[in-house]
1. Select from the stretch 130-178 the residues that are within 17 Å of VAL116 (Cα to Cα), of a type in the set (A, V, I, L, M) and outside any helix (DSSP H, G or I) and write down the one among them that is nearest to the chain's Cα centre (by Cα).
2. Among the residues that make up the stretch 73-88, is at least one of them assigned to a helix (DSSP H, G or I), touching a strand residue (DSSP E or B) at 6+ places or on another chain (Cβ under 9 Å) and polar (S, T, N, Q)?
3. Just for helices (runs of 4 or more DSSP H) wholly inside the stretch 1-58: which have at least 3 residues that are at pLDDT 85 or above and under 16 Å from ASP178 (Cβ atoms)?
4. Would you say ALA52 is crowded, with 20+ Cβ neighbours inside 10 Å, touching a helix residue (DSSP H, G or I) at 6+ places or on another chain (Cβ under 9 Å) and touching a residue at least 24 places away in the same chain (Cβ under 8 Å)?
5. Would you check if LEU149 is at pLDDT below 90 and aliphatic (A, V, I, L, M)?
6. Could we say that ILE154 is at pLDDT 90 or above and touching a Phe, Trp or Tyr at 6+ places or on another chain (Cβ under 8 Å) here?
7. If I ask for residues that are surrounded by 15 or more Cβ atoms within 10 Å (Cβ to Cβ), touching a Lys or Arg at 6+ places or on another chain (Cβ under 9 Å) and not small (Gly, Ala, Ser), which ones from the stretch 127-154 would you list?
8. Any residue at all in the stretch 155-167 that's closer than 30 Å to LEU21 by Cβ, acidic (Asp, Glu) and surrounded by fewer than 18 Cβ atoms within 10 Å (Cβ to Cβ)?
Amino acid sequence: MVHALSTIPLLRQNLDAEEDLMHVVVNARSRVEANLALGILRETMMERVLVAALNLREVLDSLPGYPCSMAIDETTLARVAGLTKDRSAWTKQLEDDPEITFSISTAGNFCFDLVVTIDGRQTFWTPPLAEEDFVNPELLSACLERDALLPAVIALTEDMGLVFNPRFYMSIDDWNLDHLQESFEDFQSIF
């Protein structure tokens, strides 16, 4: 995971060239879509940039979609994560980036949603069409631009007692081999 996050600056530098296709590689739930975008990008981008994108994809895929069950109750989460009660939600302002605040609504050991506020703008972590993307596209851009955001979401996931163990790849071929069966099944479901 540390390696995947350490390559974010490399992605930032190369994102402008093919931003839409890179967002598909990183954020599309469909492995078929990601594979097609990856195939197009292989013609113009260095492999190490694409491997960095695939590793970031695995990080996002390993994070929970909301709503989700937690392994601990909300009181324990508040204590462990340093959350404070604000009306009906638990909130936390990030120390590394005070312009980012999390709001989490819970009941017992169930987390309904995570809302991220950046510079006064609130956005749900899980997109409205959760079957299409891992993360709200607006927040994907913020994850690439704001260094504190993604590590804080990962820390929150771990504070919830959830398993966070993303796969790590050294090459595009490794990723393709690992996901070949799933991609084939996704492709079959289209037809």
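The values are calculated or read from the model by the stated rules, or taken from the named source; none is laboratory data. None of these values were measured; they are calculated from a predicted model. Because the Cβ atoms are built from the backbone with ideal geometry, glycine has one as well, and the counts that use them run over all protein chains shown.
1. The qualifying residue nearest to the chain's Cα centre (by Cα) is VAL135.
2. First, pick out the residues of the stretch 73-88 that are assigned to a helix (DSSP H, G or I): 74-81.
Among the residues that remain, those that are also touching a strand residue (DSSP E or B) at 6+ places or on another chain (Cβ under 9 Å) are: 74, 77-78, 81.
Narrowing further to those that are polar (S, T, N, Q): none.
No, the stretch 73-88 contains no residue that is assigned to a helix (DSSP H, G or I), touching a strand residue (DSSP E or B) at 6+ places or on another chain (Cβ under 9 Å) and polar (S, T, N, Q).
3. Details: elements: 2-6, 8-15, 19-27, 31-41.
Filter on the stretch 1-58 gives 31-41.
4. The answer is yes for ALA52.
5. On the way: at pLDDT below 90: no; aliphatic (A, V, I, L, M): yes.
So LEU149 fails the test.
6. Details: at pLDDT 90 or above: yes; touching a Phe, Trp or Tyr at 6+ places or on another chain (Cβ under 8 Å): yes.
Here the answer is yes, as ILE154 does meet what is asked.
7. ASP133, PHE134, LEU144
8. No, there is no match, as no residue in the stretch 155-167 is closer than 30 Å to LEU21 by Cβ, acidic (Asp, Glu) and surrounded by fewer than 18 Cβ atoms within 10 Å (Cβ to Cβ).
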